[in-house]
1. Please give the charge dipole size of the stretch 52-447, origin at the Cα centre, charges +1 on K and R Cβ atoms and -1 on D and E Cβ atoms. Round to the nearest 20 debye.
2. Pulled fully out, how much extra length does the chain show between Glu118 and Ala368, if you take 0.36 nm times their separation in residues and subtract their Cα-Cα distance?
3. In nm, to one decimal, how far is the modelled label at Ser36 from the one at Ala430, with both set 7 Å along Cα→Cβ?
4. Mind listing P(r) for the stretch 107-185? All alpha-carbon pairs, 5 Å bins, whole percents.
5. Calculated FRET efficiency, Thr303 and Gln221, Cβ-Cβ r, R0 25 Å, to nearest 0.05?
6. Output wanted: per-residue J couplings in Hz (rounded whole) for the stretch 79-85, from phi through Karplus 6.51 cos²θ - 1.76 cosθ + 1.60, θ = phi - 60°, x for Gly and Pro.
7. Under a point-charge model restricted to the Cβ atoms of Lys and Arg (+1) and Asp and Glu (-1), what is the dipole moment magnitude of the stretch 192-302 relative to its Cα centre, in debye to the nearest 20?
8. Output ³J(HN,Hα) for the stretch 264-275: one whole-Hz value per residue in order, computed from phi by the Karplus curve 6.51 cos²θ - 1.76 cosθ + 1.60 with θ = phi - 60°, and x for Gly and Pro.
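Laboratory data are not the source of any read-out in this text; all were calculated from the coordinates shown. Computed from a predicted model, the values in this text were never measured in an experiment. Counting neighbours? That spans all protein chains shown, and the Cβs are built from the backbone with ideal geometry, glycine included.
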Amino acid sequence: MDAGMRRGADGALDERAARRWWGALSSQRTLAHAQSELDASGRWTLRRVLPFLGPAFIAAVAYVDPGNFATNIQAGSMYGYSLLWVILGANLIAILLQTLSAKVGIATGKNLPELCHEFLPRRVNYLLWGVAEIAAMATDLAEFLGAAIGFNLLLHVPLFVAGLMTGVATFGILALQRFGFRPLEIVIAALIGIIAGSYLVEAVMARPDLRQIAYHTVVPQFGGAGGAVLAVGILGATVMPHVIYLHSALTQQRIPLRGESDARRIFRLERLDIWIALGLAGLVNGAMLIVAAAVFFSTGHTTITQLEQAYRTLTPLLGGSSSELFGVALLVSGLSSSTVGTLAGQVVMGGFLGWNIPTWARRAITMAPALVVIALGFNPTQTLVLSQVALSFALPFAIVPLIYFSSRADVMGDLVNRVWTRRLAWTVTAGVILLNITLLWQTFAPLV
């Protein structure tokens, strides 16, 4: 028996040690499988690709978090299908940025915050860390609130009690880290599957207008004055600053490199991981808005601004099972994304400052703002939407160093960005900044 499989004084297998051993063994087997497939030649099959899939699914959780529920449901109920093009564009931007982030981790063996700490002036590093922490807090607030609302809707417990239940459940998921990287990846992928399955069923039940979906997916329009605000919210809910930092940590030294050829092959497979995971996340986001447009907007329910309203209104329109599916998807989304948000917070603090605090302490600290919001009686859904707008403003502070480092040949080696990649990435960054400036103008110009 492996040394990690300890037995107690009575000779019985130590259950905790057994779980830790199984998790470590599954991660070791994944590494061994990956190394053997890198050495093999011939056609790539699902079995050969499988050990390389996982990091993007953890990152993808951030793209189907409760902030997405809040912004997509508001957008669909108020403006119908009009903002579907924003979801498509935001998803393509996310795929580009997560690809660059994953590439940084593979090529350098370091995550993006660590590179900022190593190469950038101290003041710039502290500035980026401060913005990243604000973004992490806004993210965690949204995710924690979403899970608490899910518990509240499904179990009919007070919202504050639901918040405490969320904290306990998140601690349980985070404990999987102790058993290796593979168990956590598998559980997170399964949770994404639950969210996708729930919304697939709801989309079928809603019977949306397929022509309107096709048209508004490719024709840009805001649908009204408030559409720009929601467009920025959708962007902030889809392209997340903290997960840009996290993805580079998920791929750094996940599979040890033995040379540049390994790096190139792993990166090609990671791109496949990203397209699958974020493609699925994009479909879920689109389904959220489509269901809201088909069920609420088309029936005149254009003032659905709260998740609780959406839950209650779905029952008379589509039946009780639809509201239960919505509640399950929201709960799973909040729990999984809150877990990922805590991991990202660890990467941000450890990389920028070199500080490492226990995961449970980080989780406990980031629970506090959400519990305060619940205790003071603030509107949870409006808080979710505003948190996503805040994330959109934090995006450039993550994107700019990402493009800068991934374009440096002395840092990236053979995986340095090509000219067209740099141009596309800087164009995307300019677009994000312009959209934020537009929002500021629309918000404050009438007050001047």
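1. Charge dipole of the stretch 52-447: 700 debye, to the nearest 20.
2. That works out to 86.8 nm of additional length.
3. Computed distance between label sites Ser36 and Ala430 equals 5.0 nm.
4. It works out to 3, 13, 13, 13, 16, 15, 12, 7, 5, 2, 0, in whole percents.
5. That pair, Thr303 with Gln221, gives E of 0.75.
6. Whole-Hz 3J(HN,Hα) from phi for the stretch 79-85: 10, x, 8, 4, 9, 4, 4.
7. Numbers: 8 positive and 6 negative charges, 53 e Å.
Computed charge dipole of the stretch 192-302: roughly 260 debye.
8. 5, 5, 5, 5, 4, 6, 5, 4, 5, 4, 5, 5
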